[in-house]
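Peer 1: Sending over a structure as structure tokens; questions will come in a sec.
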Amino acid sequence: MDLLQVAVTAVGAFAALFLLSKLMGHRQISELSVFDYVNGITIGSIAAEMATELEKPLRPLAAMVVWALLVWLLEALTSKCPRLRKYISGSPSIVFDNGKLYRRNMKKARLDLSEFLIQCRQQGFFDLGAIQTAVYEPDGRLTILPVAARRPATPEDMGIAPEKEQIFTELVMDGRVLGENLHRMGVDETWLLKQLRQQGYHSAREVFLAVADANKQVAVYPVST
């Protein structure tokens, strides 16, 4: 009986954690502020407690819901009030600009010089002379603007007007024909099979991935052995 209760409360904790995480939104770990990260750990800890709480599982469930609602409310307030966001999530700090290191801003952001140099090297800047401006973001990442002479050349710089890039449509994935995508392009499986045969394939089962551009040019990637 106890095992059944544990299973029921574990499923309830899983469902509650899933729904509450959907409520709070989707962000990658690298995009979380320290406050968001701590909130995630806290809610997960409460969910773990709920999964093994057999006598009064509604108590940790209520705590999870209240905590998640508070986080959601705070995010709603910060989205409406940029000044509040500055105090909750922090604000970007210029730590290097035009050859000058801003020691006070680095100290305020708790970024030491070694970590600053590491992040510069991780982005391919081994020479500070190649950096125009470096901004330390609230999520702990460093955003770097290279000096004009070191920035990658663009077609605009070279006076070139490239053709507009096109989005490819997946037609076959792992040997399975995607009929909905075929219909969206205005073609059918007969047309697809003809395209595959022209490239030496007898059926979609031989294809790992097949994509087509807006001009219906098909690129095929076979199943590797």
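The values are calculated or read from the model by the stated rules, or taken from the named source; none is laboratory data. Not measured: the values here are computed from a predicted model. Quick reminder, even Gly has a Cβ in these numbers, built from the backbone with ideal geometry, and neighbours come from all protein chains shown. Each accessible area value is taken on the protein alone, full model and side chains, heavy atoms only, with ligands, DNA and RNA left out. Shrake-Rupley method; radii C 1.70, N 1.55, O 1.52, S 1.80 Å.
Peer 1: Just for strands (runs of 3 or more DSSP E) wholly inside segment 115-224: which have at least 3 residues that are more than 30 Å from ASN105 (Cβ to Cβ) and among the hydrophobic types (A, V, I, L, M, F, W, C)? Explain how you work it out, then say what you get.
Peer 2: Numbers: elements: 131-136, 142-146, 169-173, 207-212, 218-222.
Those strands (runs of 3 or more DSSP E) span 169-173, 207-212, 218-222.
Peer 1: Please go through segment 202-214 and give me each residue that is among the hydrophobic types (A, V, I, L, M, F, W, C) and surrounded by 13 or more Cβ atoms within 10 Å (Cβ to Cβ), ordered by number.
Peer 2: ALA204, VAL207, PHE208, LEU209, ALA210, VAL211, ALA212
Peer 1: Looking at segment 93-114, which of the residues that are assigned to a helix (DSSP H, G or I) and within 11 Å of VAL135 (Cα to Cα) is most open to solvent (accessible area, probe 1.4 Å)?
Peer 2: My answer is ASN105.
Peer 1: Here's a follow-up. Please state which one of GLN195, GLN199, GLN217 is open to solvent by less than 80 Å² (accessible area, probe 1.4 Å) and polar (S, T, N, Q). So that I can check it myself, show each step before the final result.
Peer 2: Details: GLN199 fails: open to solvent by less than 80 Å² (accessible area, probe 1.4 Å); GLN217 fails: open to solvent by less than 80 Å² (accessible area, probe 1.4 Å).
When all the criteria are applied, what remains is GLN195.
Peer 1: Ok, one more. Considering only segment 26-50, state which residues are in a loop (DSSP other than H, G, I, E, B) and either open to solvent by 80 Å² or more (accessible area, probe 1.4 Å) or modelled with pLDDT of 75 or more (or both). Steps first, answer last, please.
Peer 2: Of all residues in segment 26-50, those in a loop (DSSP other than H, G, I, E, B) come to 26-28, 32-33.
Those that are in a loop (DSSP other than H, G, I, E, B) and either open to solvent by 80 Å² or more (accessible area, probe 1.4 Å) or modelled with pLDDT of 75 or more (or both): HIS26, ARG27, GLN28.
Peer 1: Just to check your reading of the model, which residue among LEU23, LEU74 is open to solvent by 40 Å² or more (accessible area, probe 1.4 Å) and modelled with pLDDT of 70 or more?
Peer 2: LEU74
Peer 1: Is there a residue in segment 185-198 that is touching a residue at least 12 places away in the same chain (Cβ under 8 Å) and not hydrophobic (A, V, I, L, M, F, W, C)? Explain how you work it out, then say what you get.
Peer 2: Step one: of segment 185-198, the residues touching a residue at least 12 places away in the same chain (Cβ under 8 Å) are 185, 187, 189, 192, 195-196.
Checking which are not hydrophobic (A, V, I, L, M, F, W, C) leaves us with 189, 195.
Yes: segment 185-198 contains one or more residues that are touching a residue at least 12 places away in the same chain (Cβ under 8 Å) and not hydrophobic (A, V, I, L, M, F, W, C).
Peer 1: Among the residues of segment 172-189, is any within 30 Å of VAL218 (Cβ to Cβ), touching a Lys or Arg at 6+ places or on another chain (Cβ under 6 Å) and at pLDDT below 90? Working first, answer last.
Peer 2: The initial filter retains those residues of segment 172-189 that are within 30 Å of VAL218 (Cβ to Cβ), namely 172-189.
Add one more test, that the residue is touching a Lys or Arg at 6+ places or on another chain (Cβ under 6 Å), and what stays is 175.
Those left that are additionally at pLDDT below 90: 175.
Yes, the conditions are met somewhere in segment 172-189.
Peer 1: Further question: May I ask you to verify whether PRO138 is modelled with pLDDT of 90 or more, surrounded by 14 or more Cβ atoms within 10 Å (Cβ to Cβ), under 30 Å from PRO92 (Cβ atoms) and not charged (D, E, K, R)? Explain how you work it out, then say what you get.
Peer 2: Details: modelled with pLDDT of 90 or more: no; surrounded by 14 or more Cβ atoms within 10 Å (Cβ to Cβ): yes; under 30 Å from PRO92 (Cβ atoms): yes; not charged (D, E, K, R): yes.
The answer is no for PRO138.
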